[in-house]
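The values are calculated or read from the model by the stated rules, or taken from the named source; none is laboratory data. Note that this is a predicted model, so its numbers are computed, not measured. Here Cβ is always computed from backbone atoms with ideal geometry, including for glycine, and neighbour counts include all displayed protein chains. In case anyone asks, the SASA skips ligands and DNA or RNA and just uses the protein heavy atoms, side chains included. Shrake-Rupley method; radii C 1.70, N 1.55, O 1.52, S 1.80 Å.
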Amino acid sequence: MAHKSKNKTVVSKVESINEPAINEQADSVIKNEQPTSTETEIAPINHFSHIVLEGKAKKLSPKTTNHVFYEIALHYEDNQLYLRLSGSEGGGLHSKEWIKLEDIFTVLDEQSDKPFKSTVIKSVFKGGSANNAGFMAACLRGLLLINPTEKSVFLHALAPEYAQRRDELRSLVTAETTSK
């Protein structure tokens, strides 16, 4: 119950026998107790908390020495590897969504022997930042999956050791699951 005393509101414990629930609430407030587990929210599970590889790669433009940063994580439930852009030096907005590494491999496998632009990687993103494809291409270069072509630094070709490097990355799943 509240009453005013010299322009101040004072909360006093209800002393009525007929209102035990209110008295318990008052006791709880007075004792500064924490809410019970039924009153607290359950924190969401971070499916990507197991980072297996972190790295940085030089941005595609020859005019800069800045880098993009990436992480590869083992998904907690589906036991698949996911890649995301985790940061960028010198600015440039991008999506931080986790992309299934197998989806990226599928796109790269379709490129085989022909040069390709960064825009072919756009299909794996849900987000629409203009920098996503270029930054991801830089990461894929950092992971030694693709190389620049002789014609242009903005065109890519699969690295000669692409299949071997892809298989090495895939083996991170078995290496991590056997170490658990």
Out of THR149, THR119, THR106, THR178, sole residue that is more than 19 Å from the chain's Cα centre (by Cα), at pLDDT 90 or above and farther than 19 Å from SER61 by Cα: THR106
Top-ranked residue in the range 152-175 [being under 22 Å from the mean Cα position of the chain (by Cα) and either open to solvent by less than 20 Å² (accessible area, probe 1.4 Å) or hydrophobic (A, V, I, L, M, F, W, C) (or both); ranked as modelled with the highest pLDDT]: LEU169
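Condition check ((1) in a strand (DSSP E or B); (2) charged (D, E, K, R); (3) closer than 18 Å to ARG165 by Cα) across all residues:
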| site | (1), (2), (3) |
| --- | --- |
| VAL68 | yes, no, no |
| GLY87 | yes, no, no |
| GLY91 | no, no, no |
| LEU108 | no, no, yes |
Test for GLU150: is it among the acidic types (Asp, Glu) and not in a helix (DSSP H, G or I): yes
Qualifying position, being touching a His at 6+ places or on another chain (Cβ under 6 Å) and of a type in the set (Asp, Glu), among GLU89, GLU150, GLU110: GLU89
From the options ALA138, ALA163, ALA130, residue that is of a type outside the set (Lys, Arg), assigned to a helix (DSSP H, G or I) and closer than 15 Å to SER61 by Cβ: ALA138
Residue that is nearest to ALA137 (Cα to Cα) [pool: residues in the range 81-101 that are more than 14 Å from the chain's Cα centre (by Cα) and exposed (fewer than 14 other Cβ atoms within 10 Å of the Cβ)]: LEU93
Matching residues in the range 108-129 - criterion: being closer than 21 Å to LEU53 by Cβ and open to solvent by 20 Å² or more (accessible area, probe 1.4 Å): ASP109, VAL124, PHE125
Which numbered condition ASN132 misses (of (1) at pLDDT below 95; (2) surrounded by fewer than 18 Cβ atoms within 10 Å (Cβ to Cβ)): (2)
Residue pairs meeting the criteria (Cβ under 9 Å; at least 6 apart or on separate chains; first of a type in the set (Val, Ile, Thr), in the range 133-148; second open to solvent by less than 10 Å² (accessible area, probe 1.4 Å)): ILE146/LEU108; ILE146/PHE116; ILE146/ALA137; ILE146/LEU140; ILE146/HIS156; ILE146/ALA159
Enumeration of residues in the range 132-166 that are under 19 Å from ASP103 (Cβ atoms) and out of contact with any helix residue (DSSP H, G or I) (no Cβ under 8 Å at 6 or more places or on another chain): PHE135, ALA138, CYS139, ARG141, GLY142, ALA163, ARG165
